[in-house]
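Shown next, in structure tokens, is the structure this report addresses.
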Amino acid sequence: MRDEPMSAAAFEEQALESIRSQNLLQPGDRVIAAVSGGADSMALLRFFLRRGRELGITLEAAHVNHGLREAADADEAFVAEFCAKEGVKLHCHRAGRQTERRSEEWARQLRYDFFEQLRKKDPAVKIATAHTLTDQAETLLFRLARGTGLAGAAGIPPVRGPFIRPLLELPRKATEAYCRATGTPFVLDETNESDEYARNRLRNQVLPQLEQINPEAQRALGEYCRRAQGWLQYFRRQGEHLLQTARCGDGWSVSVLQKADPVLRAEALRCLVEEKTTLRQADLPKLEALIAGESRAAQLAGGVRVERCAGVLRWAQSCEEEPAAPQPAEPGEYRLPGGYRLRLELVEGEDCEQIKKFAGGRKKGLTNCVDYDRIRSSLSLRTRQPGDWFRPEGRSGSKSLKKYFNEAGIPGAQRALVPLLAQGSQVIWLWGGGVAQGFAPTSATSRILVIRPLEPTNKEQ
């Protein structure tokens with residue numbers, strides 16, 4: 001970075017420009033600044049003290065004592081004394097002395113849990129954190145080194161829900177210079193100089209090497225994150241559109257997702273998962289295997305489960321619906337639990353001949369057609385019952401419906417909702433299984449019961 005220090009006025013103008021361009025704050029907002037006592041957070045607090053009236057905000061502060069360092073209590077006392085002197089209301093949280101080593105992620109989660117507690121008291125509050133351009137560069141390098149996708153490469157967003165980062169365009173050196181220029185004290189965290197943590201090694205060893213190649217390396221890395229954030233928003237919109245296109249009942253059509261571009265499909269799956277739970281690195285391959293038919297279900301974080309049945313992806317908990325009561329299989333349209341929807345049509349005369357002609361003798365063309373001349377007793381539309389048996393077209397021998405479901409890989413939670421047509425305990429037609437052996441129309445058939453599965457409309461039906 002440039003060696004000459006940034007003036008206090010230039011620092012404040014850059015922070016104000018970030019707030020305006022990103023629409024981070026509005027007059028009347030209540031803002032809680034996260035303050036550790038270090039140069040970054042103290043610069044943020046001083047900035048709000050100097051320009052808060054201009055922004056029209058109400059300012060408060062929050063401090064978390066992680067209990068990880070000997071100086072933790074002293075840092076808390078420092079922040080409390082500064083806030084009292086400046087008339088800033090301070091919210092404190094003490095974790096107690098930690099007797100074992102804790103990760104950076106543990107400390108981060110502790111802070112954000114406390115911020116969420118503050119938000120519950122006032123959902124409209126905004127939490128300002130002091131992330132800088134240097135933090136952005138370190139985050140990008142750290143994620144790239146571990147392996148990441150576009151979401152990770154987008155780095156730290158300037159705004160995420162109630163959290164705002166007004167200093168994200170400013171390097172860490174600028175915060176220290178601003179503190180000195182405005183007479184703002186700050187504490188030094190001795191652990192920042194240690195290479196025990198991976199992020200510290202990036203800060204102390206890798207970034208200086210990159211700045212020898214390009215003095216503006218931090219700014220270049222930050223610019224890449226801004227571009228990636230734009231790309232990410234575009235792909236998110238496309239992924240959400242794909243999900244809407246694939247929507248069928250309470251699930252998503254596998255066929256539509258299979259045909260989609262792999263990049264857009266991955267983004268759609270990401271949007272899908274994040275409706276329910278946190279997306280983990282291993283979740284996308286699980287869902288891709290589900291779509292490819294290589295598995296029947298995918299277990300995600302938080303006990304959330306996605307299952308595939310009859311060409312549809314569904315949340316497992318959606319299958320807890322009560323199955324529909326048996327009803328006469330009469331012509332008409334039916335909406336059934338589980339998002340299933342079908343129409344029954346009784347076709348005779350010329351229309352019957354047209355169907356047989358169109359099929360051209362190919363059994364596949366008559367998968368969802370029943371020779372109604374062969375129905376000898378009342379036909380019911382229902383779901384499985386004890387004692388049901390099924391002999392699929394082209395198979396030798398009958399089997400219990402339970403065994404068929406096992407062999408076909410139908411998830412257990414879905415089986416109670418799969419629609420079927422039955423004559424007593426004999427299954428004549430099964431959603432996803434087609435017509436039973438001996439019930440497909442022949443050249444002599446005069447009446448055909450056509451079953452039209454309306455959702456989803458895909459080849460697997």
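The values are calculated or read from the model by the stated rules, or taken from the named source; none is laboratory data. Bear in mind the structure is a predicted one, so any value in this text is a computation, not a measurement. Neighbour counts are summed over all protein chains in view; Cβ atoms, including those assigned to glycine, are modelled from backbone coordinates with ideal geometry. The protein model used for the area step is the full one, side chains on, heavy atoms only, and it has no ligands, DNA or RNA in it. Shrake-Rupley method; radii C 1.70, N 1.55, O 1.52, S 1.80 Å.
For the stretch 234-250, indicate whether the set of residues that are assigned to a strand (DSSP E or B), touching a strand residue (DSSP E or B) at 6+ places or on another chain (Cβ under 6 Å) and not acidic (Asp, Glu) is non-empty. Within the stretch 234-250, one or more residues are assigned to a strand (DSSP E or B), touching a strand residue (DSSP E or B) at 6+ places or on another chain (Cβ under 6 Å) and not acidic (Asp, Glu).
Take the conditions (1) under 37 Å from the mean Cα position of the chain (by Cα); (2) at pLDDT 85 or above; (3) not hydrophobic (A, V, I, L, M, F, W, C); residue 412 misses just one of them, which is (2). Per the conditions (1) of a type in the set (Asp, Glu); (2) more than 23 Å from residue 188 (Cβ to Cβ); (3) open to solvent by 30 Å² or more (accessible area, probe 1.4 Å); (4) at pLDDT 95 or above, the sole criterion not satisfied by residue 12 is (3). On the stretch given as the stretch 1-22, residues that are without any contact (Cβ under 8 Å) to a residue 12 or more places away in the chain and either part of a loop (DSSP other than H, G, I, E, B) or among the basic types (Lys, Arg) (or both) total 3. Where helices (runs of 4 or more DSSP H) fall wholly inside the stretch 53-160, the ranges with 2 or more residues that are free of Cβ contacts under 8 Å to residues at least 40 places away in the same chain are 72-86, 104-121, 133-146. Give me the residue from the stretch 291-329 that is at pLDDT 90 or above and not in a strand (DSSP E or B) and, out of that set, most open to solvent (accessible area, probe 1.4 Å). Residue satisfying both the conditions and the ranking: 326. Residue pairs whose Cβ atoms lie under 7 Å apart, separated by 6 or more positions or on different chains, with the first residue in the stretch 264-276 and on the phi > 0 side of the Ramachandran plot and the second acidic (Asp, Glu) and open to solvent by less than 30 Å² (accessible area, probe 1.4 Å), do not occur. Within the option set 23, 65, being under 34 Å from the mean Cα position of the chain (by Cα), of a type outside the set (D, E, K, R) and surrounded by fewer than 19 Cβ atoms within 10 Å (Cβ to Cβ) holds for one residue only, 23.
For the stretch 161-172, the condition of being in a strand (DSSP E or B) and either out of contact with any helix residue (DSSP H, G or I) (no Cβ under 7 Å at 6 or more places or on another chain) or under 21 Å from residue 79 (Cα atoms) (or both) holds for at least one residue.
Residues considered: 119, 143. Of these, the only one that is charged (D, E, K, R), out of contact with any Phe, Trp or Tyr (no Cβ under 8 Å at 6 or more places or on another chain) and within 18 Å of residue 62 (Cβ to Cβ) is 119. Kindly indicate whether any position in the stretch 252-261 is over 18 Å from residue 308 (Cβ atoms) and part of a helix (DSSP H, G or I). Among the residues of the stretch 252-261, not one is over 18 Å from residue 308 (Cβ atoms) and part of a helix (DSSP H, G or I), which makes the answer no. For the stretch 174-223, filtered to residues that are within 22 Å of residue 45 (Cβ to Cβ) and not in a helix (DSSP H, G or I), the residue that is modelled with the lowest pLDDT is 189.
Yes/no per residue for (1) assigned to a strand (DSSP E or B); (2) in contact (Cβ under 8 Å) with a residue 24 or more places away in the chain; (3) touching a strand residue (DSSP E or B) at 6+ places or on another chain (Cβ under 6 Å):
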residue: 377; (1), (2), (3): no, yes, yes
residue: 381; (1), (2), (3): yes, yes, yes
residue: 397; (1), (2), (3): no, no, no
residue: 410; (1), (2), (3): no, yes, yes
residue: 414; (1), (2), (3): no, yes, yes
residue: 418; (1), (2), (3): no, yes, no
residue: 427; (1), (2), (3): yes, yes, yes
